[in-house]
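The values are calculated or read from the model by the stated rules, or taken from the named source; none is laboratory data. Worth saying up front: this structure is predicted, and the values here are computed from it rather than measured. Note: ideal-geometry Cβ built from the backbone for every residue, glycine included; neighbour counts use all protein chains shown.
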Amino acid sequence: MAENFDAFAEGVALGGLRTKNEIRVLLCYLLGNISAEISKSGLNEIIQSLQLINFFEMNSALSSLAESGLVRVSDHDGDEYFAITEAGRAYAGRLETDLPINVRETAVKAAVGIVAREKMRGSTEVEIKKLERGYHVILTVRDEGEIMLRTVLYAADILQAEAVGESFMNAPEKLYAGIVDILA
């Protein structure tokens, strides 16, 4: 039996989702399996990198899910964040087998990484201290107030110090994971 595709497919790779219902189910499934809020920009990053859903269809589906009470929307620092409600969890649970397992697993894996990065980004600090010659760049990662990592790097000039700080703030999980990988 032929499936009726009712979603825009522009930017969607082979194996991606092309029906509005599949898109809603995937978003609920994704939010239910990460057990955390995720930003709209984080969701956009997932769908663009994996090419699972059309960008406009995702936004439409998120609005529909919020209006029907299946997801909760909150605002943090000018970005919308989405979390699953109990009704959304039940909805995804009933229909998750309608989605291919590789789509489910790939999307959740990408989302977990983005949620970790978003959480870490909110708990990182960069401090630049002027030395007699050069600068110290102090990079800190906290979890619920406790210091998980603090490292000090030397930079020859302020431009280098600022570049190190900006790179760290863009992907603090890379430094943390890299150090843990080396030491573990």
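Look at ALA184 and say whether it is of a type in the set (A, V, I, L, M, F, W, C), over 24 Å from the mean Cα position of the chain (by Cα) and at pLDDT 80 or above. Judged against the criteria, ALA184 is not a match.
Per the listing SER41, SER63, SER74, the residue uniquely polar (S, T, N, Q), surrounded by fewer than 22 Cβ atoms within 10 Å (Cβ to Cβ), part of a strand (DSSP E or B) and without any contact (Cβ under 8 Å) to a residue 40 or more places away in the chain is SER74. Of all residues in the stretch 84-96, none satisfies being of a type in the set (A, V, I, L, M, F, W, C), surrounded by fewer than 12 Cβ atoms within 10 Å (Cβ to Cβ) and either over 28 Å from LEU31 (Cα atoms) or touching a strand residue (DSSP E or B) at 6+ places or on another chain (Cβ under 7 Å) (or both).
Residues in the stretch 127-150 that are among the β-branched types (Val, Ile, Thr) and modelled with pLDDT of 95 or more: ILE128, VAL137, ILE138.
Screening GLU10 on (1) at pLDDT 85 or above; (2) more than 16 Å from VAL108 (Cβ to Cβ) shows it passes everything except condition (1). Only one of the numbered conditions (1) assigned by TED's automatic domain parsing to the domain that holds ASN33; (2) surrounded by fewer than 15 Cβ atoms within 10 Å (Cβ to Cβ) is violated by ARG150, and that is (1).
Here's the yes/no breakdown for (1) of a type in the set (Ser, Thr, Tyr); (2) more than 30 Å from ILE53 (Cα to Cα); (3) under 15 Å from the mean Cα position of the chain (by Cα):
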position: GLY69; (1), (2), (3): no, no, no
position: GLU80; (1), (2), (3): no, no, yes
position: GLU86; (1), (2), (3): no, no, no
position: TYR91; (1), (2), (3): yes, no, no
position: ASP98; (1), (2), (3): no, no, no
position: LYS130; (1), (2), (3): no, yes, no
position: HIS136; (1), (2), (3): no, yes, no
position: ALA156; (1), (2), (3): no, yes, no
position: ASN170; (1), (2), (3): no, no, yes
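Per the listing GLU173, GLU127, the residue uniquely in contact with a Lys or Arg (Cβ under 6 Å, 6 or more places away or on another chain) and not hydroxyl-bearing (Ser, Thr, Tyr) is GLU173.
Assessment of the stretch 114-130 against the conditions (surrounded by 15 or more Cβ atoms within 10 Å (Cβ to Cβ) and over 22 Å from GLY165 (Cβ atoms)) yields at least one matching residue.
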